[in-house]
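Here's the structure we're looking at; comments come further down.
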Amino acid sequence: MKILGIETSCDETAAAVVVDGRTILSNVVASQIDIHREYGGVVPEVASRQHMLAIIPVVDRARSEAQVGWQDLAAVAVTKGPGLAGSLLVGLNAAKGIAFAQGLPLVGINHLEGHIYANWLLALGPGQPEPAFPLLCLIVSGGHSDLVLLTGHGRYRLLGRSIDDAAGEAFDKVARILGLGYPGGPAIQQAARGGRPNAYHLPRAWLRGSHDFSFSGLKTAVLHAATGDRGSERAREGRPAPDERARGVKLSEAGRVAREVPVADLAASFQEAMVEVLVEKTRAAAEQHGAAQVALAGGVAANSLLRQRMKERVPLPVLCPPPDLCTDNAAMVAAAGYYLYRAGRRDGWDMDVIPSLRLSSTA
Ligand code: KG4
Ligand code: ZN
């Protein structure tokens, strides 16, 4: 069964054709990163206009690369939320138009569901087994840090989430503080390569007794350490004298006070703190809820330290989609579409975008 997936929730215009929820025939992503980089983040109005320009060529390319005609498709799956309203609307209306014109069923997908189902795609070869339930999924993206327990297809139980900044949001904000540009996650990962992860003692918010996360204190501690505000001395305790290798940009270049900041050390210490909390809280939730496996999802799951540590520290099979299936794409939407269509999910022509859509707890 071939499903066309469409994804336009943020700044990637994406379309893909996937067979039986697992085999990718095509996966086309038109990224707007270069356009938004100039502004240091996604500008919603610009994103929406870019989606309008790209959506038809991207869908056409996904179909031609997959070598399928409209008659070969069984359904159209599309992200209906959460995301930017103006961006979501472009993909949703394109999907409705195609489904109506071709007489195909329409399936609305939660973007987070999409990220989860990236773990079903056969990225590692045909023999890769299906993920096993109960599956504990850590979804870490630009807008979410959720711990979700899947007890079956489409059956989710939200165990915990960030009470302030999402993990990707923290990576992006800290990259901005350090003058590393946008998007922040890959930039921090790169900068951290030359830094010492224990150079700064940054705070970890454990929120004991809950599976929730909090990253705003960590972000603020990096800001204080970088600008020399109160609190930075505490953060620097135990830090060896900065050497030339550790010295980085002058913060004046990033629009802040003129002071040399050891960017590599701060990036490495921040990444270490983030990864430690994400891994330990995932491990604890998996143990407490008797998960059979752990799966990573969302853009931050592309982080190599997070992937490596999760595999080292969690005593269960840990699934990580390849980095390009962790960040936004439409193959994951088509995969979710297949399993949820088979489970009976259908949407009508009155389906609308839901910018603040949440994963409903059905498990
Ligand atoms: O899932 P995604 O592509 O879009 C959303 O649904 O938000 O996630 C984007 C987020 C951004 O915050 C980006 O900085 C982060 O994922 N990200 C990373 C890495 N690659 C992307 N964070 C840490 N390390 C990475 N290698
Ligand atoms: Zn996403």
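Go through region 286-313 and give me each residue that's part of a helix (DSSP H, G or I) and not charged (D, E, K, R). If the condition is that a residue be part of a helix (DSSP H, G or I) and not charged (D, E, K, R), then ALA286, GLN288, GLY299, VAL300, ALA301, ALA302, SER304, LEU305, LEU306, GLN308, MET310 are the ones that fit.
Counting only residues that are within 16 Å of ligand 2 (Cβ to nearest atom) and on the phi > 0 side of the Ramachandran plot, region 286-307 holds 1 of them. When restricted to residues that are surrounded by fewer than 24 Cβ atoms within 10 Å (Cβ to Cβ) and among the aromatic types (Phe, Trp, Tyr), region 163-194 contains 1.
Tell me whether region 166-174 contains one or more residues that are away from ligand 1 (no atom under 16 Å from the Cβ) and not aromatic (Phe, Trp, Tyr). Please lay out each step first, then the result.
We begin by selecting, within region 166-174, every residue away from ligand 1 (no atom under 16 Å from the Cβ); these are none.
Within region 166-174, none of the residues are away from ligand 1 (no atom under 16 Å from the Cβ) and not aromatic (Phe, Trp, Tyr).
Tell me which residues, restricted to region 21-34, are of a type outside the set (Lys, Arg) and touching a helix residue (DSSP H, G or I) at 6+ places or on another chain (Cβ under 6 Å).
Step one: list which residues in region 21-34 are of a type outside the set (Lys, Arg), which gives 21, 23-34.
Within region 21-34, GLY21, ILE24, LEU25, SER26, ASN27, VAL28, ALA30, GLN32 qualify.
Looking at region 132-148 only, could you name the residues that are away from ligand 1 (no atom under 11 Å from the Cβ) and closer than 18 Å to PRO323 by Cβ?
Going residue by residue through region 132-148, those that are away from ligand 1 (no atom under 11 Å from the Cβ) are 132-138, 146-148.
Correct list: CYS137, LEU138.
Out of all the residues in region 227-241, is one or more at pLDDT 95 or above, surrounded by 15 or more Cβ atoms within 10 Å (Cβ to Cβ), of a type in the set (A, V, I, L, M) and in contact with a Pro (Cβ under 9 Å, 6 or more places away or on another chain)? Checked region 227-241: no residue is at pLDDT 95 or above, surrounded by 15 or more Cβ atoms within 10 Å (Cβ to Cβ), of a type in the set (A, V, I, L, M) and in contact with a Pro (Cβ under 9 Å, 6 or more places away or on another chain).
Residues of region 124-142 that are closer than 16 Å to HIS153 by Cα and either in contact with an Asp or Glu (Cβ under 6 Å, 6 or more places away or on another chain) or away from ligand 2 (no atom under 16 Å from the Cβ) (or both): PRO129, GLU130, PRO131, ALA132, PHE133, PRO134, LEU135, LEU136. Among the residues of region 1-27, those that are over 17 Å from PRO105 (Cβ atoms) and acidic (Asp, Glu) comprise GLU7, ASP11, GLU12.
The single condition from (1) surrounded by fewer than 22 Cβ atoms within 10 Å (Cβ to Cβ); (2) over 24 Å from ARG161 (Cβ atoms) that VAL263 fails is (1). In region 186-199, the residues that are β-branched (Val, Ile, Thr) reach residues that are within 16 Å of ligand 2 (Cβ to nearest atom) and not in a loop (DSSP other than H, G, I, E, B) with C-beta atoms within less than 8 angstrom, at least six apart or across chains, in these pairs: ILE188/PHE171. Within region 17-50, take every residue that is in a strand (DSSP E or B) and within 15 Å of ligand 1 (Cβ to nearest atom) and give me the one that is surrounded by the fewest Cβ atoms within 10 Å (Cβ to Cβ). My answer is SER31. Within region 1-15, being within 15 Å of ligand 1 (Cβ to nearest atom) and closer than 9 Å to ALA62 by Cα holds for one residue alone: ALA14.
If I filter region 280-302 for residues that are over 18 Å from LEU150 (Cα atoms) and more than 12 Å from ligand 1 (Cβ to nearest atom), do I get at least one hit? Yes: region 280-302 contains one or more residues that are over 18 Å from LEU150 (Cα atoms) and more than 12 Å from ligand 1 (Cβ to nearest atom). Evaluated against (1) among the hydroxyl-bearing types (Ser, Thr, Tyr); (2) in contact with an Asp or Glu (Cβ under 8 Å, 6 or more places away or on another chain); (3) surrounded by fewer than 22 Cβ atoms within 10 Å (Cβ to Cβ), SER304 falls short on exactly one condition, (2). All conditions but one from (1) out of contact with any helix residue (DSSP H, G or I) (no Cβ under 8 Å at 6 or more places or on another chain); (2) assigned to a helix (DSSP H, G or I); (3) away from ligand 2 (no atom under 16 Å from the Cβ) apply to ASN119; the one that does not is (3).
The values are calculated or read from the model by the stated rules, or taken from the named source; none is laboratory data. Note that the coordinates shown come from a computational prediction; the quantities given were computed from them, not determined experimentally. Please note: Cβ atoms are built from the backbone with ideal geometry, for glycine as well, and neighbour counts cover all protein chains shown.
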